[in-house]
Structure formats: structure tokens, C-alpha cells
Amino acid sequence: MMIETAGALGLSGTQVRDALSTAGMAPSLHNSQPWRFRTTPDAIELHADRDRQLRVADPDGRELRIACGAALFTLRLALLGAGIRPLVSILPDRDRPDLIASVRRSGDRPAGPRMLQLLDAVPRRRTNRNPFADVEVSTVARYELRRAAVEEGAWLDLVTDPETRWELSDLARWAHEKQVADPAFAAELEAWTGHTADRPDGVPAWAGGPLPPPNSTWVLRDFSGGTAPGDRVYEDEPLIAVLSVHGEGPREEIRAGEALQRVLLTATVHGLAVSFLSQLIEVPEARDRMRRLISGSRPPQVVLRIGHGWPVAATPRRPVEDVLGSDDGPDRP
């Protein structure tokens, strides 16, 4: 059944659906896509979908809010592409605790060249879990990645000091081993990744990438359900980037998600491949130690592995009907 969206922000139903489809291409933990949208004549609301929160890996919902922030930035881009200046309100609402943001129309504004580049990159962005080439990321691209984070009120630390990189890789291995030793974490990972069935979410086995040798510098998760080939040689020196914000709390996590998507799309524009080292964030002791290693004050939100990779296929996305609610439906508790 098609849900009526005509009139939202003065757009046609087709335009609204196109904007929401674009927003749904944002990244999320295990491709869980933990968001819902509701349209009214005056606004598009973005809500967290708690049914899709990964309770073991993300018990506090921090990565869920980051994913919603990434979807929010992508929605902003899509509206700019439709000629609308988006006015975003991140709204704590006691009656609707899962409301992330409300986006209204603040006049007309054609997207500038930089934003059009990012919008064009949305369907081309991928999480690339395959080996990268041992080719350095250019100085220009590094500058643009850091600039992208700053433009969304965040900071991107590029970890280049050899001693810090060694400590960080050792910490990543420890955090990974701690997680996979937990049966509940292993069961949750299995539920969301490595599947071969035709489903619109999660990480299919073919998108998991091969496994590195046991002594690899940067440990990567097995998203293949145990079917990936092993002992594939990965790059020795990927660019490791740590995205951080200036404080803790839901608002800052949403901001981190907006910055993350801008960084990822900027990487795509520059022909770069990116994957995540999420264990460094998900294990609290690792996150605290990494904070001391990297910034000392700003809480890290995302750790990225960046380099030059070969093209990979897109992971599936939920249809708009699955993420769109009516304008008068109840908000779930």
C-alpha cells in the first residue's frame, strides 16, 4: 500500500518518496537502518526505530542515534537537491522520546556545487570491507575529509604517529577478542550479518569481505557467516581516522552522525574506500583509552579505515513503505 505523502514541505508525493529513499541510503551498524519517517504538510520527522537497535553491541543507542544523524544529513542533501532550504530542529520530546529531528521548509535554495557533489555521491557510497591498495591518501583529500567534519561541528583526527597507531591497533585487537568471546554478541552479529536470504537489511555474506591473516595489524570482523576466504593480505598502512564531537549526549551523537555522512560522502567524491573499526567504540574500556590516546577531551564516536579500494556492490535497503508512517499514527514507546 502506498502511503500518501503529497503536500509535505510543498513537494509532490513522488518528490518526498525520492527524498526519503535517498535518506535511507545512509550507513548504520550492520546495515540495521534504525530509522522511521513521518510526514505532515509542514514537516518531515525523523524517528529512531528501537526495534532495530542492536542491544548487545549498542546498549545505549549511541550508534543508533549516529545512524539517524547520518540519515538526517542525507535528507538535508536531498531537500537541497529539490530546491528547498531545510530548517532542522533536533527536538527532545517527552511524549515522543524517539523523535530525532523535525525538518521544515525555510524558503527556496538551490544546492551549491559542493552539496550537489555530495548528493551525487549518495548512491555510490559503500562500506568497503575488502583489502585496499597500499597507496597513500593525498594531502588534498585528507584536508577535505577534515574540513567535512568541521563543517558539521565535529572533528576528524587522522592517526599518523607510528606509536599511537600501534597502540590503537593493539587496542582494536583486544576489543575485538572481548566482543567475539561474548555469546550474546556473537548471536546478535550472526542475526544481522552473513545471510544469503533475500532481505532488505543486514550485511549479506557477499558484502562481508575476506578475512585477514591472524597476525594482521588491523583486525576486521567476519561479516560473512564463516564463508569468507581467509588469509587475504590487507594493506599495511590504511589511513585511520577518529571522528569526535565536543561533548556527550544524544544531540552530540546526532551531530556526529551528520558529520560522519558528510565525511563518507566526501571520501566517495575523492574516490576513496571506507570501512569501520567499530569495536574501538563499542567496548567502553577501549573507547575510554582511545579518547586519552587521540584527543584527551573530545569523546570519540566513530573510527574509520580509509584508503584506495576496488568497487563493491551496494548492500540492500528497505523500501520507503517500510520506513514511512502516516501523519496521524501514534509514536511507538
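The values are calculated or read from the model by the stated rules, or taken from the named source; none is laboratory data. This is a predicted model, so every value here is computed, not measured. So basically every Cβ, Gly included, is an ideal-geometry build from the backbone, and we count neighbours across all protein chains shown. To get the accessible areas, we keep the full protein, side chains included, count just its heavy atoms, and leave off ligands, DNA and RNA. Shrake-Rupley method; radii C 1.70, N 1.55, O 1.52, S 1.80 Å.
Tabulated data
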{"read-out": "Among Ala101, Ala197, Ala43, residue whose mean-square fluctuation peaks in a GNM of the chain (springs only between Cα atoms under 10 Å)", "value": "Ala197"}
{"read-out": "Distance between the range 274-323 and the range 173-210 - C-alpha centres, whole angstrom", "value": "15 Å"}
{"read-out": "Computed over the chain: relative contact order in percent, which uses C-alpha pairs under 8 Å that are six or more apart", "value": "24 percent"}
{"read-out": "Simple Cβ-charge dipole of the range 17-92, Lys/Arg +1 and Asp/Glu -1, about Cα centre, in debye nearest 20", "value": "40 debye"}
{"read-out": "Cα principal axis extents for the range 197-281, largest first, Å", "value": "40, 35, 27"}
{"read-out": "Simple label model, 7 Å out from Cα along Cβ direction - Thr164 to Ser295, nm", "value": "1.2 nm"}
{"read-out": "Å² of accessible area per residue within the chain, as computed with a 1.4 Å probe and no ligands counted", "value": "44 Å²"}
{"read-out": "Antiparallel content of DSSP bridges confined to the chain, in %, to 5", "value": "90 percent"}
{"read-out": "Percent breakdown of C-alpha pair distances by 10 Å bin, ordered from the shortest bin, for the range 53-126", "value": "18, 39, 30, 13, 0"}
{"read-out": "Calculated [θ] (222 nm, deg cm²/dmol) that DSSP helices of n ≥ 4 give over the chain, each run adding -39,500 (n - 2.57)", "value": "-11500 deg cm²/dmol"}
{"read-out": "Packing-based ranking, highest mean first, of 252-265, 293-306, 16-29 given that Cβ atoms within 10 Å are counted", "value": "252-265, 16-29, 293-306"}
{"read-out": "C-alpha center-to-center spacing [the range 116-144, the range 13-47] in angstrom", "value": "24 Å"}
{"read-out": "Assigned charges on the beta-carbon of Lys, Arg, Asp, Glu; the range 93-161 dipole about Cα centre (debye)", "value": "340 debye"}
{"read-out": "Normalised contact order of the range 175-316, rounded percent, pairs of Cα under 8 Å and 6 or more residues apart", "value": "25 percent"}
{"read-out": "The range 44-170: C-alpha gyration tensor shape, a/c 1.5 cut-off, then a/b vs b/c", "value": "oblate"}
{"read-out": "Selected from Thr39, Thr127, Thr164 as most flexible by GNM, with the chain as the system and alpha-carbon contacts under 10 Å", "value": "Thr164"}
{"read-out": "Per-selection Kirkwood Rh - the range 179-333 (Cα, Å, 1 d.p.)", "value": "17.9 Å"}
{"read-out": "The chain, accessible surface, carbon-and-sulfur percent (1.4 angstrom probe)", "value": "51 percent"}
{"read-out": "Choice from Asp60, Asp134, Asp95 showing the highest fluctuation, given a GNM over the chain with Cα pairs closer than 10 Å", "value": "Asp95"}
{"read-out": "Computed Rg/Rh of the chain, alpha carbon atoms with Kirkwood Rh", "value": "0.95"}
{"read-out": "Computed over the range 75-213: relative contact order in percent, which uses C-alpha pairs under 8 Å that are six or more apart", "value": "16 percent"}
{"read-out": "In degrees, nearest ten, helix 183-192 long axis to first principal axis of the chain (Cα)", "value": "50 degrees"}
{"read-out": "Dipole axis of the chain (+1 Lys, Arg; -1 Asp, Glu on Cβ), positive-most option in Ile90, Gln279, Gly226", "value": "Ile90"}
{"read-out": "Nearest 10 degrees, 0 to 90: helix 162-180 Cα axis against the chain principal axis", "value": "70 degrees"}
{"read-out": "Cα centre as origin, Lys/Arg/Asp/Glu Cβ charges: the chain dipole, Debye", "value": "680 debye"}
